[in-house]
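Student: Structure in structure tokens, see below.
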Amino acid sequence: MELPDRYSDERLIRACQSGDLSARDELVDRFLPDIHRLCRFLLREPSIVDDAVQESFLRIFRYLHRWDGRPPKPWMLAIAYNRCVTFRQNQGKHREQTIQEEPVQADSQHELLMEAELSCAVNGALGMLRPQFRDVLVLHHVAGLPVEDIARQLKIPAGTVKTWLSRGRQALWDQLKTSGHVEGEMPRRPREDR
């Protein structure tokens with residue numbers, strides 16, 4: 001079956017369910033960056049990120065028949081999140097998390113060094129947060145999931161997710177402030193989390 005240039009995510013899932021191998025390849029190509037980014041942010045051991053990504057896709061394909069019709073990206077990210085939780089539990093303890101950001105466009109070498117220093121500081125500060133704060137921050141700000149999807153995925157009330165987002169942001173700011181990377185009070189955010 002020849003795939004159109006761009007299936008909708010839902011049609012792509014249905015094509016995969018019908019056994020279309022080229023649709024499976026397209027599904028991996030389309031969602032690999034999102035799943036890899038999520039696993040990279042959630043797992044503290046870089047050596048297991050690729051394993052978690054691979055197992056996430058294996059689970060996605062194993063459970064395609066259980067897809068419930070909701071948007072595929074949150075469904076697949078929920079599977080990847082659960083795999084990461086399992087990997088973390090199997091690690092037994094949390095190690096420093098590594099975050100690789102998109103390449104920075106800096107006008108000077110000094111700006112590039114400042115960006116790298118801040119990135120390292122954010123990595124360290126995230127590593128010191130309570131796991132539930134870190135997880136909701138990553139799911140919301142990195143994976144781009146809305147509060148309702150995070151609540152459904154974690155099986156907690158949306159109000160709890162909002163609270164953890166707020167407390168996680170404040171704890172992250174406090175860590176960065178303690179290390180001298182930011183000053184003053186945390187800037188107020190618009191209420192997009194509602």
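The values are calculated or read from the model by the stated rules, or taken from the named source; none is laboratory data. What you are looking at is a predicted structure, and each value in this text was computed from that prediction instead of being measured. A quick note on method: Cβ atoms are made from the backbone with ideal geometry, for glycine too, and the neighbour counts reach across all protein chains shown. Note: accessible area is taken over every heavy atom of the protein model, side chains too, but ligands, DNA and RNA are not part of it. Shrake-Rupley method; radii C 1.70, N 1.55, O 1.52, S 1.80 Å.
Student: Return yes or no: is residue 4 of a type outside the set (D, E, K, R), open to solvent by 50 Å² or more (accessible area, probe 1.4 Å) and either touching a Leu at 6+ places or on another chain (Cβ under 6 Å) or at pLDDT 85 or above (or both)?
Tutor: no
Student: Quick one: in the range 45-66, which of the residues that are in contact (Cβ under 8 Å) with a residue 40 or more places away in the chain and open to solvent by less than 30 Å² (accessible area, probe 1.4 Å) is farthest from residue 135 (Cα to Cα)?
Tutor: Restricting to residues being in contact (Cβ under 8 Å) with a residue 40 or more places away in the chain and open to solvent by less than 30 Å² (accessible area, probe 1.4 Å), the top hit is 64.
Student: From 158, 125, 171, which residue is among the small types (Gly, Ala, Ser), in contact (Cβ under 8 Å) with a residue 24 or more places away in the chain and farther than 20 Å from residue 84 by Cβ?
Tutor: Going through 158, 125, 171 in turn, the sole match is 171.
Student: How many residues does the range 67-81 contain that are of a type outside the set (Gly, Ala, Ser) and free of Cβ contacts under 8 Å to residues at least 60 places away in the same chain?
Tutor: Here the count works out to 6.
Student: Residues to consider are 88, 24, 11, 37; find the one that is modelled with pLDDT of 90 or more, crowded, with 16+ Cβ neighbours inside 10 Å and assigned to a helix (DSSP H, G or I).
Tutor: Of 88, 24, 11, 37, the one residue that is modelled with pLDDT of 90 or more, crowded, with 16+ Cβ neighbours inside 10 Å and assigned to a helix (DSSP H, G or I) is 24.
Student: If you don't mind, there's one more thing I want to ask. Can you tell me which residues in the range 173-194 are open to solvent by 100 Å² or more (accessible area, probe 1.4 Å), modelled with pLDDT of 80 or more and not β-branched (Val, Ile, Thr)?
Tutor: Answer for the range 173-194, where residues must be open to solvent by 100 Å² or more (accessible area, probe 1.4 Å), modelled with pLDDT of 80 or more and not β-branched (Val, Ile, Thr): 183, 185.
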